1. Do you know which residues across segment 145-161 are surrounded by 11 or more Cβ atoms within 10 Å (Cβ to Cβ) and among the β-branched types (Val, Ile, Thr)?
2. What pairs can you find where one residue is in segment 515-538 and more than 20 Å from TYR378 (Cβ to Cβ) and without any contact (Cβ under 8 Å) to a residue 40 or more places away in the chain, the other is open to solvent by 20 Å² or more (accessible area, probe 1.4 Å) and not aliphatic (A, V, I, L, M), and their Cβ atoms are less than 8 Å apart, with a gap of 6+ or different chains?
3. So ASP449 clears everything in (1) under 26 Å from LEU312 (Cα atoms); (2) at pLDDT 90 or above except one condition, right? Which one?
4. I'd like the full set of residues that are in contact with a Pro (Cβ under 8 Å, 6 or more places away or on another chain) and assigned to a helix (DSSP H, G or I), limited to segment 405-423.
5. If you scan segment 251-299, which residues turn out to be in contact with a Gly (Cβ under 9 Å, 6 or more places away or on another chain) and part of a helix (DSSP H, G or I)?
6. Do we find that ILE208 is in contact with a helix residue (DSSP H, G or I) (Cβ under 8 Å, 6 or more places away or on another chain), closer than 30 Å to ARG294 by Cα and surrounded by 12 or more Cβ atoms within 10 Å (Cβ to Cβ) in this structure?
7. Could you tell me which of the residues PHE381, PHE376, PHE456 is part of a loop (DSSP other than H, G, I, E, B), open to solvent by 30 Å² or more (accessible area, probe 1.4 Å) and farther than 19 Å from PRO318 by Cβ?
8. Residue by residue through segment 430-467, note down the ones that are among the hydrophobic types (A, V, I, L, M, F, W, C) and under 17 Å from the mean Cα position of the chain (by Cα).
Amino acid sequence: MEDIGSLGTSVRQRLTCKEFEENDSLSASKPSTNELRSEDSTEDEHSTSTLAQEASPMESSHRQHRQTPDLFVTSRLNVISKEVNVAYGQLQEKFSIEYRNLLESAINSASRIQTGYDSSVADRVSFSFSSSKTEDRITKKRFTTRESVLTELLRTNHIKTVHNIFAAILIIFSVQTVVYDLIEQGRIVIDFSLISWGFGKFSLVISIWLCMLTSTISIFPIFNMWRQLRPSSTKLLDRAFLLFYIAYLAAFLCVPVWALAEYDLPPVSTLVVAIEQVRLLMKAHSFVRENAPRVLHADKTIDDGLNFSRYLYFLFAPTLIYRDEYPRTSAINWNTVVYNVSELVICIFYIYYIFVRFCIPNFHNFNSDHVTIKMFVYSVFGCMMPGTLVLLIGFYAILHCWLNACAEMLRFGDRLFYKDWWNSVNFSGYYRNWNIVVHDWLFTYIYQDTYMLLKFQKHMRWLAMYTTFFISAVFHEYIIILAFRFVYPVLFVLFAIFGVGFIYVTTGHNKRTSNIFLWVSLFIGNGILMCLYSMEYFSRRNCPLIKDSFLDYMIPRSWFCTPNE
């Protein structure tokens, strides 16, 4: 507010100076009345001019004011009007800044009152593992209404052309398949058996998913019962609820794994169950983690905010962070839903063509010849392009099409599911922007809680960061293990070891060079992942058992493969 006061003083000073300057200009440019009356008298004209030059600026100003009142008033009003407009614009800008600061301060204060356990609240939506000035703060995600990055970018013709290029590649894949069938078999073979096999036993997938969803829903009444009984009980009830919660998490991890092994679901169906298992587990933990401190601190807002309908909405909403309320859109645009679902289906066929044309032909006859260094190098480079295509299409299918379709059907307003990770100049930015939904959960409940347990010691931040990376890598590898039915921790090694190391790798201050280095690393990493996992998967089909025991799942069979006789 002091800036506004000083601005007003400055405006007044400029107005005064401008007044005198205008008066001087008028006195210098306009003739006097005496000159007009004595035009034929040279002596009188010379006398009048001499007096005008010797007079002080103030006297000249007053004389001109008396002689040409209308012109002076008009000029002065114009000057004042201009200065007032400039001052009004500056005052409006200052007022907007002050108002925004006050509003943000009020929001932060309200958030601290509502949660009861935050030391402070920072209005950030995306978070970083890197150091910051607010080392001792617990950051709370704030939801706002906004669209996805690609939704906005695809409105421009330049980015839409890139989208069209991927569509053209899909058409080429389809035409190539038709031409190949015509040449080799003389007819068009419509064979999507790989897709039907991958999504096989889908009725069992729905049954397992419904059981997991029901168990997750049961968390709410049990939590609500603990909340209502707690004021009249001792700490024994708190310990009992904590033990129940730990037992529930353990059972939720084990029972679906048993079901997958018992019914021997194919890879894609297993992938769906495993991803949903992890998603519901993260949602359950978010609900308990956000509301338990409110119960422990006797926060009265929980009585109004906690109800079953909001919890049920959260279980389906495209976010892993629980809030009592989220920003909502006014209506459902079903055209958007149909468009995103259609593109999701197209992406599934896209990935199908990639595997049929680039992966299966190279590895389906896997034998000992593939284990040589020469064949391995050829295979890795041959898998770089298709592996990266699978990454990009999978990202677009899940993080854009699927999540935006769900958000539209639920009128969920905050659709920032990712950021422009493709422009990242280091792996730290890539990890933050690739998947905002999962990153927010990891940052809020793993990184921040670990850092809080370490009592916000700055020299221990690295431990919180490595803990977060380790847990993330474990669950990524856990999903791959369930889908492929073997333990081959390639993703874990690349993510938890090399991925962490690449955070500290810099290529100078050239952003273009850094971005190229990032993309080269992604191409190589995806090529290695696709090559090694394909080798191991097909080696377990073509090579005999090493040991008929549980150890066979732990030992890479591709390392010791000898072809079947």
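1. Within segment 145-161, THR145, VAL149, THR151, ILE159 qualify.
2. PHE517/THR507
3. (2)
4. Within segment 405-423, CYS406, ALA407 qualify.
5. Result: PRO267, VAL268, SER269, LEU271, ASN291, PRO293, ARG294, LEU296.
6. On the way: in contact with a helix residue (DSSP H, G or I) (Cβ under 8 Å, 6 or more places away or on another chain): yes; closer than 30 Å to ARG294 by Cα: no; surrounded by 12 or more Cβ atoms within 10 Å (Cβ to Cβ): yes.
Judged against the criteria, ILE208 is not a match.
7. PHE456
8. TRP434, ILE436, VAL437, VAL438, TRP441, LEU442, PHE443
The values are calculated or read from the model by the stated rules, or taken from the named source; none is laboratory data. If you're wondering where the values come from, they're calculated on a predicted model, not measured in any experiment. When we count neighbours, we look across all protein chains shown, and the Cβ atoms used for this are built from the backbone with ideal geometry, even at glycine. Quick note on the areas: whole protein, heavy atoms, side chains included, nothing else; ligands and nucleic acids left out. Shrake-Rupley method; radii C 1.70, N 1.55, O 1.52, S 1.80 Å.
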